[in-house]
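J.: Below you'll find the structure I mean.
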Amino acid sequence: MSTSTGAADAAIERLMALHPKGYDLSLERVTHLLAQLGDPQSHMPPVIHIAGTNGKGSAAAFSRALLEASGRLCHVHTSPHLVDWRERFRLAAEGGGRLAEDAVLAEAIERVAEANRGETITVFEILTAAMFVLFSGHPADAAIVEVGLGGRFDATNVVAKPAVSLIMPISLDHEAWLGDRVELIAAEKAGIVKPGCPVVIGAQEHEAARDVLIDTAERLDCPLFVYGQDFLAFEERGRLVYQDGDGLFDLPLPRLPGRHQYANAAAAIAAVKAAGFPVGQQDAERAMARVDWPGRMQKLTEGALVALAPKGAEIWIDGGHNPGAGAVVAEALANEEDRRPMPLVMIAGMIDTKDQAGYFRNFTGMVRHIFTVPVNDSDSGVPNDELAARAAEAGLSAEPVASVENALMLLRDGWDSAGSPPRILISGSLYLVGEVLRKNGTPPQ
């Protein structure tokens with residue numbers, strides 16, 4: 001993904017030239033490296049550790065909003081970033097966490113690289129170690145840590161006693177790494193569960209995955225809170241009702257669009273409470289109004305790319321890239337269609353490790369036309385003509401074009417001004433969404 005230019009970026013680029021790309025699904029290297037650094041993972045504030053196929057980032061955003069609404073300071077680690085590496089490291093601050101300053105991040109990365117002494121390691125492992133260095137060295141009431149890939153062997157999975165392990169919806173993704181059945185993937189995600197530590201299980205589409213997670217938590221004697229059993233959320237008269245064993249909250253609908261965010265919000269409330277942080281009605285109300293998560297069903301209202309679209313068009317971006325993510329995006333757009341009918345057009349780019357046709361099938365009968373574009377910020381991008389063929393396999397009208405700008409201008413020049421302006425979804429890859437935010441001049445803050 002595209003990054004800004006600074007000392008941290010320069011340090012990361014040097015490391016990327018030296019070390020292998022991708023993931024190492026073991027904990028030996030990162031554990032050894034952290035030992036050289038004084039085991040900073042053992043000196044963290046209480047950790048909310050989040051795994052899952054979809055919804056991890058939203059759960060982190062809701063958890064952060066809940067903690068900050070109650071006046072608590074929290075660090076947040078998420079991945080990948082969209083525009084700038086610093087997005088992965090949000091440090092606690094009065095009035096709300098801030099992305100790590102370039103010099104601060106660069107210093108942490110250099111310290112980790114020096115401790116590694118040139119040994120074989122992935123950049124993700126180095127960045128994870130830098131996260132532990134940063135978060136242990138700055139005061140906070142909590143740290144929200146999102147898993148990078150899987151759970152059991154993810155580099156973040158070195159925290160011995162998390163305040164809570166939160167596992168969000170599980171579906172097929174990263175099959176080459178994690179297995180080709182949801183039960184196998186669930187077993188990998190369940191690797192973040194630690195003996196006796198609280199576990200919150202978010203809404204699960206697949207009962208087989210849910211059963212694996214419950215069995216793991218029960219086997220390890222963990223306090224367990226399961227969506228639909230111990231807590232739940234639903235819409236009633238335009239409000240969000242959250243309910244658990246302590247009672248209920250009557251809340252405004254979350255600022256993040258889409259019905260799937262109701263369950264994500266509920267999982268975060270349950271997790272923050274399970275971690276030992278009381279949540280009051282007013283705290284939850286403020287959190288629903290303030291929560292922010294760029295690149296996921298985000299509406300763009302201004303910027304350089306927005307200016308290229310047909311007058312009156314709505315532009316939405318979403319980085320979801322697997323069939324499960326496509327399903328929740330399609331549902332969110334159906335809700336928008338109920339609210340304000342507009343013809344739907346998609347601009348899509350995807351990488352070659354994803355089920356492209358499976359993603360597109362969610363939009364059958366909804367999308368008028370798809371423009372497929374290259375994913376410029378990834379070496380694994382599917383050529384736009386091949387991606388158009390995958391969309392056609394899903395029964396959709398599609399054509400390859402050179403870029404997002406090209407698609408927007410084709411729409412602007414060819415759209416019938418007498419008709420309703422289009423609703424445009426730019427989606428299929430976080431790499432593509434990052435490129436759009438950068439070119440539009442609206443990067444995450």
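J.: Please report, in whole Å, how far the alpha carbons of the stretch 200-307 spread along each principal axis, starting with the longest.
T.: The principal-axis extents, from largest down, are 56, 30, 26 Å.
J.: In degrees between 0 and 90, to the nearest 10, how far off the longest principal axis of the chain does helix 260-274 point, with axes built from Cα atoms?
T.: 10 degrees
J.: Distance between the C-alpha centers of the stretch 148-171 and the stretch 43-61? Whole Å please.
T.: 8 Å
J.: Leaving out same-chain residues fewer than 8 places away, which lysines sit with a Cα under 22 Å from that of Lys273?
T.: Lys56, Lys161, Lys189, Lys194
J.: How much of the DSSP beta bridge set in the stretch 298-440 is antiparallel, as a percent to the nearest 5?
T.: Numbers: 4 of 22 bridges.
Among the beta bridges of the stretch 298-440, antiparallel pairing accounts for roughly 20 percent.
J.: While we're on this one: 5 Å is the cut-off here: which amide hydrogens, built 1.01 Å from N in the peptide plane, fall below it relative to Leu166, excluding neighbours closer than 5 in sequence?
T.: Result for Leu166 returns His49, Ile50, Ala51, Val200.
J.: So what's the convex hull volume per residue for the Cα atoms of the stretch 315-445, in Å³?
T.: So the per-residue hull volume is 109 Å³.
J.: Only one of the values (1) 33, 27, 21; (2) 50, 25, 18; (3) 62, 33, 23 was calculated from this structure for semi-axes √(5λ) of the Cα gyration tensor in Å; name its label.
T.: (1)
J.: Report the Cα centroid-to-centroid distance between the stretch 345-419 and the stretch 217-284 in angstrom, as an integer.
T.: 36 Å
J.: Now for a different question. Taking every DSSP beta bridge that has both residues in the chain, what percent is antiparallel when rounded to the nearest 5?
T.: Working: 20 of 57 bridges.
Taking every DSSP beta bridge with both residues in the chain, the antiparallel ones total about 35 percent.
J.: Could you work out the relative contact order of the stretch 162-315? I mean the mean sequence separation of Cα pairs under 8 Å and 6+ apart, divided by the number of residues, in percent.
T.: Working: 242 pairs, mean separation 29.9, N = 154.
Computed over the stretch 162-315, the figure is 19 percent.
J.: For Lys439, list the aspartates and glutamates whose Cα falls under 16 Å from its own Cα; do not include residues on the same chain fewer than 8 positions away.
T.: Filter leaves Asp84, Glu302, Asp318, Asp377, Glu405.
J.: I've got another one for you. What residues qualify as long-range amide H neighbours of Ala143, i.e. H under 5 Å apart, gap of 5 or more or another chain, H built at 1.01 Å from N?
T.: Val47, Ile48, His75
J.: Could you work out the relative contact order of the chain, using alpha carbon pairs under 8 angstrom and six or more residues apart, expressed as a whole percent?
T.: Numbers: 969 pairs, mean separation 73.0, N = 445.
It rounds to 16 percent for the chain.
J.: Another question, if that's okay. Counting other C-beta atoms within 10 Å, and keeping those with at most 12, which DSSP coil trypsin sites (Lys or Arg not before Pro) do you find in the stretch 1-106?
T.: Details: sites: Arg14, Lys21, Arg29, Lys56, Arg64, Arg72, Arg86, Arg88, Arg90, Arg98; in loops: Lys21, Arg72.
Passing both the DSSP loop test and the Cβ count: Lys21.
J.: Okay, moving on. Going by average Cβ neighbours within 10 Å, how do the peptides 218-231, 262-275 rank, with the highest at the top?
T.: Values: 218-231: 16.2, 262-275: 27.0.
Output ranking for 218-231, 262-275: 262-275, 218-231.
J.: Compare the peptides 131-140, 280-289, 394-403 by average per-residue count of other Cβ atoms within 10 angstrom and give them in order, highest first.
T.: Values: 131-140: 21.3, 280-289: 18.4, 394-403: 16.8.
Most protected by this proxy first, the peptides run 131-140, 280-289, 394-403.
J.: So, one more: Quote the relative contact order of the stretch 298-440 in percent (integer), defining contacts as alpha-carbon pairs under 8 Å separated by 6+ residues. Before the final figure, lay out the partial values.
T.: Details: 286 pairs, mean separation 54.6, N = 143.
Here the relative contact order equals 38 percent.
J.: For Val226, enumerate residues with amide H under 5 Å from its amide H, sequence gap 5+ or separate chain, H modeled in the peptide plane.
T.: It is Ile201, Phe231, by chain and number.
All of the numbers you see were taken from the coordinates with simple rules; none came from a lab. These figures come from a predicted structure and were not determined experimentally. Cβ coordinates were reconstructed from backbone atoms using ideal geometry, including for glycine residues, and neighbour counts include every protein chain displayed.
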